[in-house]
Amino acid sequence: MSDCTACQRDGVNRREFLSASSALAITALLAACGDGDNGNSTGPITVNTTVVLANYSALGTVGGIAVISGAGTPLAVVRSTTSQYRAFSLICPHAGTTVAVNGDGFRCPNHGATFTASGAWTGGERTKGLTEFTVAVNSTAGTLTITS
Ligand code: FES
């Protein structure tokens, strides 16, 4: 017989309580870690912003990566060639933490997922690649329009 007054009152024995508690803990853990498959737990990400290239010196060279501020969602632009740019969401596809620039790619500080400058997952916590946005270059104005 349990010593717990609440358990005696509610008719729950220790084994039933522990079993139910374990099931709840496992369910909560799986929910916190995404869908249990590839870890993708983020929803659609929308963006519509214009970036002035002159404001981001890192984009002056091929391979440069700049974190864009004021876009309403964390994103980065990578200069992939002399005339082309790619933009990626910095929302980690695993569990939504903001990913940081790390060398010539990206790394999530939460569970360590790493990504190339092309957004492809390369290691750490298994997940999808970073969400890529559409980039329209206006070379006359020196701007990029980034949309989802
Ligand atoms: S949130 Fe888990 S690796 Fe980014």
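The values are calculated or read from the model by the stated rules, or taken from the named source; none is laboratory data. Here the structure is a predicted model, which means the values were calculated and not measured. Cβ: placed from backbone, ideal geometry, glycine included. Neighbour counts: every protein chain shown.
Which number in (1) among the hydroxyl-bearing types (Ser, Thr, Tyr); (2) in a strand (DSSP E or B); (3) within 16 Å of the ligand (Cβ to nearest atom) marks the one condition that Thr73 misses?
Against the list (1) among the hydroxyl-bearing types (Ser, Thr, Tyr); (2) in a strand (DSSP E or B); (3) within 16 Å of the ligand (Cβ to nearest atom), Thr73 comes up short only on (2).
Anything in the range 117-148 that is of a type in the set (Val, Ile, Thr) and out of contact with any Phe, Trp or Tyr (no Cβ under 8 Å at 6 or more places or on another chain)? List them, or say none.
Of everything in the range 117-148, those that are of a type in the set (Val, Ile, Thr) and out of contact with any Phe, Trp or Tyr (no Cβ under 8 Å at 6 or more places or on another chain) turn out to be Thr134, Thr140, Thr143, Thr145.
Here are some conditions: (1) surrounded by fewer than 19 Cβ atoms within 10 Å (Cβ to Cβ); (2) under 21 Å from Ser57 (Cα atoms). Gly96 meets all but one. Which one does it not meet?
Every listed condition holds for Gly96 apart from (2).
State which residue is nearest to the ligand (Cβ to nearest atom) when the search covers only the range 90-104 and only residues that are without any contact (Cβ under 8 Å) to a residue 40 or more places away in the chain and closer than 21 Å to Ser148 by Cα.
Thr97
Could you check the range 65-89 and list, in sequence order, the residues that are without any contact (Cβ under 8 Å) to a residue 24 or more places away in the chain, touching a strand residue (DSSP E or B) at 6+ places or on another chain (Cβ under 6 Å) and of a type outside the set (Gly, Ala, Ser)?
Arg79, the sole residue that qualifies.
State all residues of the range 105-148 that are surrounded by fewer than 16 Cβ atoms within 10 Å (Cβ to Cβ), within 11 Å of the ligand (Cβ to nearest atom) and polar (S, T, N, Q); if no residue qualifies, say none.
Asn110
Would you check if there is a residue in the range 98-114 being at positive phi and modelled with pLDDT under 75?
The answer is no; no qualifying residue exists.
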